[in-house]
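Trainee: Encoded as structure tokens, here's the structure I'll be asking about.
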Amino acid sequence: MNKKTVINKLHGITLGVLLACSSMATAEEAAVQQFLVDDNKIECPGAQFSSIQAAIDAAGAGSEIKICAGTYNEQVKISKSVKLIGEAGAVIMPTDMKVNAENIAMYEDMAAAISVKGAANVSIEGLTIDGSKNGISNCSAELVGIVCEDMSGKIQGITIRNMDGATSSAESCQAAYGIFAQSSDSGETDVKVQASTIDGCRSGAIVGNNLGTVLRAEGNTISSISKAADTNGLKLEFGAIGTSKGNSIAAIQ
């Protein structure tokens, strides 16, 4: 066998490998599950689910969940790699919120509209989170828009509003946050928050807590933070690290 024949055979093998890899990539892309959620099946009549949580529970890792316009009165828990995509007018507005997370550094209960724990490559995009019907009284729990614990991923183009802590019966409660990223002793968190708007938070808009937490904030707008003794737009504490670029912070009272 001469050298030219050997080279031609090697070229054939290489091309075969490349074609095989291309086919595998195409198959992987085709395998991504996509789900549609609509609270009343009006905007999106073909939606498989009327509840965001039901769609997450049914989804496999790597799935995309599109959330149609509507008001979703639920707290959402994420423990797998998923992508939530909210269309214009998709609002998560939980009522009578319950404890579903913990402020690890302070040993305080948290009630979050979205709680993400122990999941990689999570993406939350385009949603509005409204805490105006939280139902928390007597400082019973810290109110949070999104808690990120031991996760990696991004939060992009969302709006968080009315995270003003407890109801009028306990207006002195300070603990209310927009986005709260933290790591457990055995875990790590790396989350990017970008192009989002946070309006009305009693304690802090975007907060990173604990060693092992990396929080990157870019191009966010933070405004109308309520009165409190310890109020912050962006905050890193207890060993958390991060970066801030192009954020706008105004109207802290």
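The values are calculated or read from the model by the stated rules, or taken from the named source; none is laboratory data. If you're wondering where the values come from, they're calculated on a predicted model, not measured in any experiment. Ideal geometry is used to build each Cβ from the backbone, glycine not excepted, and the neighbour counts take in all protein chains shown.
Trainee: Name the single residue that is nearest to Val116 (Cα to Cα) among those in region 186-224 being surrounded by fewer than 18 Cβ atoms within 10 Å (Cβ to Cβ) and among the small types (Gly, Ala, Ser).
Mentor: Out of the qualifying residues, it is Gly187.
Trainee: Shifting gears a bit: In this structure, is Glu43 closer than 30 Å to Asp185 by Cα and not hydrophobic (A, V, I, L, M, F, W, C)?
Mentor: no
Trainee: Do we have Ser169 as among the hydroxyl-bearing types (Ser, Thr, Tyr) and either part of a loop (DSSP other than H, G, I, E, B) or modelled with pLDDT of 95 or more (or both) here?
Mentor: No, not satisfied.
Trainee: Taking interchain pairs and intrachain pairs at least six residues apart, which have beta carbon atoms under 6 angstrom, with the first residue in region 74-92 and charged (D, E, K, R) and the second outside any loop (DSSP other than H, G, I, E, B) and buried (at least 18 other Cβ atoms within 10 Å of the Cβ)?
Mentor: Pairs found: Lys77/Ser115.
Trainee: Going by the structure shown, is Gln156 modelled with pLDDT of 95 or more and surrounded by fewer than 24 Cβ atoms within 10 Å (Cβ to Cβ)?
Mentor: Yes, satisfied.
Trainee: Follow-up question, since we're still on this one. Can you tell me which residue in region 119-136 is farthest from Val147 (Cα to Cα), limited to those that are under 10 Å from the mean Cα position of the chain (by Cα) and assigned to a strand (DSSP E or B)?
Mentor: Glu125
Trainee: Moving on. For residues in region 205-235 being at pLDDT below 95 and outside any strand (DSSP E or B), which is farthest from the chain's Cα centre (by Cα)?
Mentor: Ala229
Trainee: Taking only region 59-109 into account, find how many residues are in a loop (DSSP other than H, G, I, E, B), among the hydrophobic types (A, V, I, L, M, F, W, C) and closer than 16 Å to Gly145 by Cβ.
Mentor: Qualifying residue count for the region: 3.
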